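Have a look at the structure below before the remarks.
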Amino acid sequence: MKKALFLDRDGVINIDKKYVYKIEDFEFCEGIFDLCRYFLKKDYLLFIVTNQSGIARGYYSEEDFFRLCDFFLKEFEKEKIHFSKIYHCPHLQNCDCRKPKPGMLLKAKKEFDIDMENSIFIGDNLSDMQAGLNANINTLILINQEKKEESYFKQFKNLKEVLNFFEKGKNK
């Protein structure tokens, strides 16, 4: 079984500007490349797990979403960072894939034989943390400036703090 680093997209990989689908609006979060390289060196598979309700809302098409994915995946490849797969939920409701439901994470587990207990999920919303909890991921990281009082995840202000935490070996 393999370990995985699951990343939410908006707010973790890129700055969340609400319904980002245009390349010119896409701006990487500071520290994302260093964080991904760190976990690749530790033999983690990398995945993106993202709710994209803007598709169901008609703000942009699935084609727009995939065009943006192609763009930023090429930027990651330039940095020698490879993602195993992007999972997205284009729905607004009544599905098993929309976080906080664990559908996208469980699909990755099945398709890639993932050891969920030793995997990590980094997100910027409580729905990300709940999805990770529902998928039995033991290490849940919330990136958020506002303090959230829950005991089942660790919280940091930014990706640099997260990387610092793992580099110092505070994770088992």
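Please pick out the residue among Asp70, Asp16, Asp43 that is farther than 24 Å from Ala135 by Cβ and either in contact with a Phe, Trp or Tyr (Cβ under 9 Å, 6 or more places away or on another chain) or open to solvent by 10 Å² or more (accessible area, probe 1.4 Å) (or both).
Details: Asp16 fails: farther than 24 Å from Ala135 by Cβ; Asp43 fails: farther than 24 Å from Ala135 by Cβ.
Just a single option satisfies the conditions, and that option is Asp70.
Scan (1) more than 16 Å from the chain's Cα centre (by Cα); (2) surrounded by 14 or more Cβ atoms within 10 Å (Cβ to Cβ); (3) among the aromatic types (Phe, Trp, Tyr) for the single condition Phe121 breaks and write down its number.
Answer for Phe121: the failing condition is (1).
When you go through Tyr59, Tyr152 one by one, which is the residue that is over 17 Å from the mean Cα position of the chain (by Cα), over 21 Å from Glu27 (Cα atoms) and of a type in the set (Ser, Thr, Tyr)?
Going through Tyr59, Tyr152 in turn, just one is over 17 Å from the mean Cα position of the chain (by Cα), over 21 Å from Glu27 (Cα atoms) and of a type in the set (Ser, Thr, Tyr): Tyr152.
Which one is least open to solvent (accessible area, probe 1.4 Å), of the residues in region 149-172 that are within 16 Å of Asp16 (Cβ to Cβ) and part of a loop (DSSP other than H, G, I, E, B)?
Asn158
The values are calculated or read from the model by the stated rules, or taken from the named source; none is laboratory data. All figures in this text were calculated on a predicted structure; none of them were measured in a lab. Cβ sites come from the backbone with ideal geometry, for glycine too, and all protein chains shown count toward neighbours. Heavy atoms of the whole protein, side chains included, go into the accessibility calculation; ligands, DNA and RNA do not. Shrake-Rupley method; radii C 1.70, N 1.55, O 1.52, S 1.80 Å.
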